[in-house]
Amino acid sequence: MKRSTPIVNFRLRERHLRRVLGDLEADVMEVLWRRGEASIREVWEELRRRRSITFNSIMTVMNRLVEKRLLRREDGRGRYRYTPRMDRETLLARVSHDVAEALVEEFGEIAVAQFVAVLRDADPDKLKALERLIRERRTGRR
């Protein structure tokens, strides 16, 4: 069964989470990963120190992140509490998987060859690590 993320955009020119989330979405996720859980007001109070942002904008973004299945909303005695559905590393792993899968499906051997070329050029040790992973997968070890 395919476990895809709710991420539908990938922006090559951006960096880190902003490749797949908007600026404000990424900032909200970072706050919640750091805190573990928070209300809309708590997130707004933290983010408004760094940027000019309205409470309603934070509320809209957090509810959008719930719809994207990145946040969980729970009723905490009249005030909703929001928690991340997955940690940062899990989200990045899923996004990386989905991007790699889409590239391989769309471009096949060309994409695979480019992955190898990038690894070779970036760091030969990473290419060796890839070879080791391939050997482990072929022998059934993880």
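Throughout, read-outs are computed from the coordinates displayed, never taken from laboratory work. This is a predicted model, so every value here is computed, not measured. Virtual Cβ from ideal backbone geometry, glycine too; neighbours counted across all protein chains shown.
Taking segment 16-84 as the region of interest, what is the percent of Cα-Cα pairs per 10 angstrom bin, listed from the shortest bin to the one with the maximum distance?
P(r) for segment 16-84, in whole percents per bin: 22, 61, 17, 1.
Among 13-19, 94-100, how do they line up from the highest to the lowest mean number of other beta-carbon atoms within 10 Å?
Packing proxy ranking, top to bottom: 94-100, 13-19.
Taking 0.36 nm per residue of sequence separation and subtracting the Cα-Cα distance, how much length would be gained by fully extending the chain between Gln114 and Arg138, in nm to one decimal?
Result: 6.5 nm gained on full extension.
In whole percent, what relative contact order does segment 46-138 give with Cα contacts below 8 Å and a gap of six or more residues? The partial results should precede the final answer.
Values: 34 pairs, mean separation 9.4, N = 93.
That works out to 10 percent.
Starting from the Cα coordinates of the chain, work out the convex hull volume and express it per residue in Å³. Before the final figure, lay out each step's value.
Details: hull volume 22.5 nm³, N = 142.
Output value, Cα hull per residue: 159 Å³.
Output ³J(HN,Hα) for segment 121-127: one whole-Hz value per residue in order, computed from phi by the Karplus curve 6.51 cos²θ - 1.76 cosθ + 1.60 with θ = phi - 60°, and x for Gly and Pro.
6, 6, 5, x, 5, 5, 5
What is the set of long-range amide H partners of Val20 at a cut-off below 5 Å, with H atoms built 1.01 Å from backbone N?
Amide H neighbours of Val20: Arg11.
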